[in-house]
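Contents: one structure, followed by commentary.
The values are calculated or read from the model by the stated rules, or taken from the named source; none is laboratory data. Note that the coordinates shown come from a computational prediction; the quantities given were computed from them, not determined experimentally. Cβ placement follows ideal geometry from the backbone for every residue including glycine, while neighbour counts extend to all protein chains displayed. Remember, those area values only see protein heavy atoms, side chains included, never the ligands or the DNA or RNA. Shrake-Rupley method; radii C 1.70, N 1.55, O 1.52, S 1.80 Å.
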Amino acid sequence: MKRKGNLGIAIGTSLLAATLLAGCGSSGSRATTDNAFTTSKMTYEAPAGAAIYEETADEAYMDDQSYNTSGAQAETVNESAAKTNRKLITTIHINAETEDFDKARNLVENKITELGGYIENSSVYNEDRSANYTIRIPADNADKLIETLEGNNNVTSKSVSVEDVTLQYADTESRKKALKTEEERLLKIMESAETVEDLIAVESRLAEVRYELESIESQLRTYDNKIDYTTVYLYLEEVEKFTPVEKESAGHRMAEGFVESIISIRDGLVEFCIWFVIHIPQILLFAIFVAAVVIIVRVLDKKSKKKKVAKNTQQNVTSAEGENGK
């Protein structure tokens, strides 16, 4: 009974220390957050069948080559990163022109499927004959997609950015290992807990550890997705003439400008003829209306002139009769 009492005191003391340290805030010290539950070794003699919780979480951190309080964190992470492949997140932006939008669009979408990628977002504008794509393509096949785009379209601009997240990835993995170790040891403590208070405290800390583990695993999955799949932002538009990528000579530009002016005049005449034919009914109706107005104006003008002539004639006759009467 004495040993069981000592066990309960040891566990209670350890849990109290964990609760106080956790309440101080996890942002102040990583070692405090992850190791609040086991800041000192338990020296009790465990009952038969019970696991002995001998190592502290600080020692577990050092065993996993993650964090320590001696200032060697960066060196440890660098060594861990050097032993693994580089973790690179690649993002590519491409603007491309095509003379046949539908053909180019089908080619791009089929190639993405063929290379094992997928379209994350797309916006197609049929009126402007253009499209915006957000493409996720396996990193190993990104070059093949670029070759297809450059070989079948006029690429006016291309930019590639690479972010090295090796250190962040190794750091996150180390945190995951440390939390896994703490989870296993908390489960062992639960097996030897003898009071309800001890069991509740252990379960509370275990829930916190598992929540942190889920968050870290989600972060690692996000990293893996961005590393394994290159993101390509593609803007594709249909044009009548490709934009020259290289600067042309003055003579070539003048000749090209002269030809473009003639073409512009021709296109203008064609558009006018099309407009004229389309609007012939309106033009005829307008012409009839104008003609009717002109005719009415002329008729009224003639009547007005006749009235004036008649009036003048009558005045002249009246004037002549007056003179004869005198």
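Just one of the numbered conditions (1) of a type outside the set (Phe, Trp, Tyr); (2) touching an Asp or Glu at 6+ places or on another chain (Cβ under 8 Å); (3) part of a helix (DSSP H, G or I) is not true of Ile265; which one?
It fails just one condition, (2).
Is it the case that Ile288 is assigned to a helix (DSSP H, G or I) and over 30 Å from Thr148 (Cβ atoms)?
In short, yes.
Mind checking whether some residue in the range 161-175 is closer than 16 Å to Leu234 by Cβ, in contact with an Asp or Glu (Cβ under 9 Å, 6 or more places away or on another chain) and not in a helix (DSSP H, G or I)?
There is no residue in the range 161-175 that is closer than 16 Å to Leu234 by Cβ, in contact with an Asp or Glu (Cβ under 9 Å, 6 or more places away or on another chain) and not in a helix (DSSP H, G or I).
So which residues in the range 119-147 are surrounded by fewer than 17 Cβ atoms within 10 Å (Cβ to Cβ) and assigned to a helix (DSSP H, G or I), if there are any at all?
Ala139, Asp140, Asp143, Lys144, Glu147, listed by residue number.
Tally up the residues in the range 95-118 that are surrounded by 13 or more Cβ atoms within 10 Å (Cβ to Cβ), under 21 Å from Asn154 (Cα atoms) and within 22 Å of the chain's Cα centre (by Cα), please.
8
Can you name every residue in the range 82-115 that is of a type in the set (Lys, Arg) and outside any helix (DSSP H, G or I)?
Lys83, Arg86, Lys87
Just to be sure before I move on: is Val124 touching a residue at least 40 places away in the same chain (Cβ under 8 Å), within 25 Å of Lys241 (Cβ to Cβ) and hydrophobic (A, V, I, L, M, F, W, C) in the structure I sent?
So Val124 fails the test.
Residue by residue, here is whether (1) open to solvent by less than 70 Å² (accessible area, probe 1.4 Å); (2) polar (S, T, N, Q) holds:
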{"position": "Glu214", "(1), (2)": "no, no"}
{"position": "Asn225", "(1), (2)": "yes, yes"}
{"position": "Tyr229", "(1), (2)": "yes, no"}
{"position": "Leu234", "(1), (2)": "yes, no"}
{"position": "Glu238", "(1), (2)": "yes, no"}
{"position": "Gly257", "(1), (2)": "yes, no"}
{"position": "Ile265", "(1), (2)": "no, no"}
{"position": "Trp275", "(1), (2)": "no, no"}
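Just one of Tyr233, Tyr223, Tyr229, Tyr211 is of a type outside the set (Lys, Arg) and over 23 Å from the mean Cα position of the chain (by Cα); which is it?
Within the list Tyr233, Tyr223, Tyr229, Tyr211, the selection yields Tyr211.
It is to be established whether one or more residues within the range 191-202 are open to solvent by 60 Å² or more (accessible area, probe 1.4 Å), more than 24 Å from Arg86 (Cα to Cα) and under 33 Å from the mean Cα position of the chain (by Cα).
No, that holds for no residue.
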